[in-house]
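Colleague: Before I ask anything, let me first share the structure, which is written out below as structure tokens.
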Amino acid sequence: VQLQASGGGLVQAGGSLRLSCAVSGIRRRIAAMGWYRQAVGKERELVAGTSGSSTNYADSVLGRFTISRDNARNTVYLQMNSLKPEDTAVYYCNARDTSWSNFWGQGTLVTVSS
């Protein structure tokens, strides 16, 4: 199983980025997908997740980030608006299949300058 994430980069505070993550090689149906992030010196945290028709967000990104999913393409997106320097981190996509196996992407770096 491969998760290919893209879309990270350097952006000024207040700007926007859109992350994408395409899943390939998975045999079972994907039950949930999400985005996590890990800043330097901090633990990995959930940013946003989607399962079925439901979504959930970390309080710190609520109202600024939007997660969406294209089931036909096994792809999950994260639209990030009004970015802040504290959003700087490596962002990882995650997919969980119906057997509760978890798969991770390689991470994409998002840097927000002040």
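The values are calculated or read from the model by the stated rules, or taken from the named source; none is laboratory data. Just so you know, these numbers come straight off a predicted model, no measurement behind them. Quick reminder, even Gly has a Cβ in these numbers, built from the backbone with ideal geometry, and neighbours come from all protein chains shown. These area figures cover heavy atoms from the full protein model, side chains too; ligands, DNA and RNA do not enter into them. Shrake-Rupley method; radii C 1.70, N 1.55, O 1.52, S 1.80 Å.
Colleague: Count charges around Arg28 for me, please; just the other residues with Cβ under 12 Å from its Cβ, Lys/Arg as +1, Asp/Glu as -1. Before the final figure, lay out each step's value.
Modeller: Values: positive: Arg27, Arg29, Arg96; negative: Asp97.
Around Arg28, the charge tally is +2.
Colleague: Percentage of Cα-Cα pair distances in the chain greater than 16 Å, rounded to whole percent?
Modeller: Numbers: 3571 of 6441 pairs.
Summing the P(r) of the chain above 16 Å gives 55 percent of all pairs.
Colleague: Accessible area per residue for the chain in Å², computed with a 1.4 Å probe and the full protein assembly in place, what is it? Intermediate results must be reported in sequence, preceding the final value.
Modeller: Numbers: 6290 Å² over 114 residues.
With all protein chains present, the chain gives 55 Å² per residue.
Colleague: Beta carbons within 10 angstrom, averaged per residue: use that to sort the peptides 3-13, 63-73, highest first.
Modeller: Numbers: 3-13: 15.5, 63-73: 13.8.
Going by the mean number of other Cβ atoms within 10 Å, highest first, we get 3-13, 63-73.
Colleague: Note the per residue figure in Å³ for the convex hull of the C-alpha positions in segment 52-112.
Modeller: Numbers: hull volume 6.4 nm³, N = 61.
Convex hull volume per residue, Cα atoms: 104 Å³.
Colleague: In the chain, carbon and sulfur make up what percent of the accessible area (probe 1.4 Å)?
Modeller: Working: 2850 of 6290 Å².
Carbon and sulfur: 45 percent of the exposed surface of the chain.
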